[in-house]
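J.: Submitted below is the structure of interest, expressed as structure tokens.
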Amino acid sequence: MKIRYDLKPRAARRTDPFRPQGPLSFGQLRTDHMFLMDYEDGAWRDPRIVPYGPFSLAPGAVVLHYSQEIFEGAKAFLHQDGEIHAFRIDRNAQRLNRSAEGICMPPVPVADQVEAILALLDVERLWFPEQEGASLYIRPFMIATQDSLGVKPSRSYLFCCFLSPSGPYYPAGFKEPVKLLITRRFHRAAPGGTGAMKTGGNYAASLMAGEVAHKLGASQVLYVDASDRYIEEAGAMNHFHVTREGKLVIPTFTDSILRSITSESVIELGKAALGVEVVQERIELESFLSGVRSGAITEAGGFGTAAVVSAVGAYVFEDGKELKVGSGGIGEHTRRVYEVVTGIQRGQRPPPPGWLFKAPRLA
Ligand SMILES: Cc1ncc(COP(=O)(O)O)c(C=O)c1O
């Protein structure tokens, strides 16, 4: 792929390392440039890196009416060697293509997605926030651009990727367990639906559930499947728990659960690296809750790119009652998974082959 560079004049862009004074929040800031590529007449055209900013879109664009949209989320890290390394972006690219297939969008070759992200990271390397626990969050996405009101797949698309210099997800360190709301009022996804795809509509449909969870003192909803029986996800993270015997259990991936790259990494690392056996099982909510009550389940949490690992201290019910998990703090296995995965991402532990992608110095 031949990327065209249309960069801002030097005077208008960052030319010195980014050393933020205060703590940076997650996902708010943007860098100077973004990557764009158009799909027309059956082919991807004009890959380019241009100044970050609004783009024009016809009011009748399919994405604005029927949400034909997919996105991804990944992270890159500055290592001791002074280079930027992106974590498993080939997996994100593969997942973007699975989402694309699911909602009738054209795939973007994995190699092109990886090249686009690395080229953008290279241009924006000075934007890496030099502070403890920071990262460059990577947001690739694709939208349907055809000006057409027929409910059918668009004929034209825009693929875009931008970056967000972000502070640590846990500004005070990894020590605040969250609460999850147990409710049967909301479902995130259904069999045969789009739950396993990263498409905007799923997230729009989850907003009300999130608001209700907040009102009841929880940070997110623990989603169960449409038959109200099996545990699926913890908000926008995969759910997991740890048993007293030292087994870490992640719900078996179905077509209503997103295949988290963090979960897949934990599964691949397994016992040798994590000191805990990792398995996938269908988990019935009722037996899970009795396990928490009896102490057979000692830890629980969520896996996802933004926080990597989030510990659940308690589950909240709609009547306001709470069920504490273990001691209500962060368990030893949860902490270890967090340390091992973030250690690999930050270059403090050796990565399994092919997990890190170094941004080349091109621009
Ligand atoms: C619904 C949902 N589940 C799980 C995850 C975690 O996936 P990953 O670890 O790839 O970020 C995400 C975030 O991407 C998500 O949106």
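The values are calculated or read from the model by the stated rules, or taken from the named source; none is laboratory data. The structure presented is a predicted model; accordingly, all values stated were derived computationally and were not measured. Backbone-built Cβ (ideal geometry, glycine too); neighbour counts: all protein chains shown.
J.: Give me the strands (runs of 3 or more DSSP E) completely within segment 208-322, filtered to those with at least 2 residues that are among the small types (Gly, Ala, Ser), ordered by residue number.
T.: 297-304, 308-317
J.: Give the residue that is nearest to Tyr66 (Cα to Cα), with candidates limited to residues of segment 210-243 that are surrounded by fewer than 19 Cβ atoms within 10 Å (Cβ to Cβ) and among the hydrophobic types (A, V, I, L, M, F, W, C).
T.: So the residue we want is Ala226.
J.: For a quick check of your reading of the model, give me the residue pairs whose first member lies in segment 190-215 and is assigned by TED's automatic domain parsing to the domain that holds Phe71 and at pLDDT below 95, whose second is within 12 Å of the ligand (Cβ to nearest atom) and assigned to a helix (DSSP H, G or I), with beta-carbon atoms closer than 7 Å and at least 6 apart or on different chains.
T.: Hits for this filter: zero, empty list.
Here's the yes/no breakdown for (1) of a type in the set (S, T, N, Q); (2) at pLDDT 95 or above; (3) within 15 Å of the ligand (Cβ to nearest atom):
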{"position": "Gly295", "(1), (2), (3)": "no, yes, no"}
{"position": "Thr298", "(1), (2), (3)": "yes, yes, no"}
{"position": "Thr305", "(1), (2), (3)": "yes, yes, yes"}
{"position": "Val309", "(1), (2), (3)": "no, yes, yes"}
{"position": "Gly320", "(1), (2), (3)": "no, no, no"}
{"position": "Gly326", "(1), (2), (3)": "no, yes, no"}
{"position": "Val341", "(1), (2), (3)": "no, yes, yes"}
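J.: Is it true that Thr262 is assigned by TED's automatic domain parsing to the domain that holds Glu332 and within 16 Å of the ligand (Cβ to nearest atom)?
T.: Yes: the conditions hold for Thr262.
J.: Out of the residues in segment 135-158 that are more than 26 Å from the chain's Cα centre (by Cα) and among the charged types (D, E, K, R), state the one that is farthest from Asp122 (Cα to Cα).
T.: The qualifying residue farthest from Asp122 (Cα to Cα) is Lys152.
J.: Taking segment 135-155 only, how many residues are hydrophobic (A, V, I, L, M, F, W, C) and out of contact with any Leu (no Cβ under 8 Å at 6 or more places or on another chain)?
T.: 4
J.: Which one is nearest to the ligand (Cβ to nearest atom), of the residues in segment 238-259 that are among the β-branched types (Val, Ile, Thr) and within 19 Å of Glu332 (Cα to Cα)?
T.: Only one residue fits best here, namely Ile250.
J.: Let me ask something additional. Tell me yes or no: at least one residue of segment 261-273 is in contact (Cβ under 8 Å) with a residue 60 or more places away in the chain, crowded, with 17+ Cβ neighbours inside 10 Å, under 27 Å from Gly167 (Cβ atoms) and of a type in the set (D, E, K, R).
T.: Yes, segment 261-273 has at least one match.
J.: Taking the condition buried (at least 16 other Cβ atoms within 10 Å of the Cβ) and either among the polar types (S, T, N, Q) or in a loop (DSSP other than H, G, I, E, B) (or both), does Pro59 pass?
T.: No, not satisfied.
J.: Quick one: would you say Gly235 is away from the ligand (no atom under 14 Å from the Cβ) and within 30 Å of Arg335 (Cβ to Cβ)?
T.: Against the criterion (away from the ligand (no atom under 14 Å from the Cβ) and within 30 Å of Arg335 (Cβ to Cβ)), Gly235 does not qualify.
J.: In addition: Please enumerate the residues belonging to segment 159-193 that are assigned to a strand (DSSP E or B) and either over 19 Å from the mean Cα position of the chain (by Cα) or under 26 Å from Glu286 (Cα atoms) (or both).
T.: Val178, Lys179, Leu180, Leu181, Ile182
J.: Quick check: anything in segment 147-163 more than 13 Å from the ligand (Cβ to nearest atom) and under 30 Å from Lys321 (Cβ atoms)?
T.: No.
J.: Can you pull out the residues in segment 167-196 that are among the β-branched types (Val, Ile, Thr) and within 16 Å of the ligand (Cβ to nearest atom)?
T.: Val178, Thr194
J.: Please work out if Ala93 is away from the ligand (no atom under 13 Å from the Cβ) and small (Gly, Ala, Ser).
T.: Spelling it out, it is not the case that Ala93 is away from the ligand (no atom under 13 Å from the Cβ) and small (Gly, Ala, Ser).
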